[in-house]
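Presented below is the structure to which this report refers.
The values are calculated or read from the model by the stated rules, or taken from the named source; none is laboratory data. Small disclaimer: the values here were computed from a predicted structure and weren't measured. For neighbour counting, all protein chains shown are included, and Cβ atoms are generated from backbone atoms with ideal geometry for every residue, glycine included. Quick note on the areas: whole protein, heavy atoms, side chains included, nothing else; ligands and nucleic acids left out. Shrake-Rupley method; radii C 1.70, N 1.55, O 1.52, S 1.80 Å.
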Amino acid sequence: MELTSKQRAQLRGLANTLDTILQIGKDGIGENLIRQADDALEARELIKGRVLDNNIDYDARLAAAELAKATRSEVVQVIGTKFVLYRESHSKPKDKRIQLVKTLKKRPL
């Protein structure tokens, strides 16, 4: 699912208050980190991660792209060493999920 700019803006606003729950250190992105990110996305839908200074293999953009691919999620935002990922949860009831802004299709004239 590709996010629109309005949906990204909405998710960026929601991510402002989130604490960083995922940290990529000198070990990089391994199976455990992917599993942790996958579990967190299923439980929360929106997670914030950080690439620590001792990691020389990844910058935040590359780490976010790799994690997004591995967890089938979308990169919402990358600023400095922090990044935000989003994936709609399928285990939560519909009323408890993040409700994204609907996109309007343009009608032909």
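Points to keep in mind about this one:
- Gain in span if fully extended, Thr103 to Lys69, counting 0.36 nm per residue against the direct Cα distance: 9.8 nm
- DSSP-defined beta bridges in the chain - what % are antiparallel, rounded to 5: 70 percent
- Per-residue [θ]222 nm for the chain (sum of -39500 (n - 2.57) over DSSP H runs n ≥ 4, rounded to 500): -10500 deg cm²/dmol
- Spin-label pair Ile34/Leu62, simplified geometry with 7 Å Cα→Cβ offset, distance in nm: 1.8 nm
- Å² of accessible area per residue within the chain, as computed with a 1.4 Å probe and no ligands counted: 68 Å²
- Cα gyration tensor, the stretch 35-109 - rounded (a/c under 1.5), prolate or oblate: oblate
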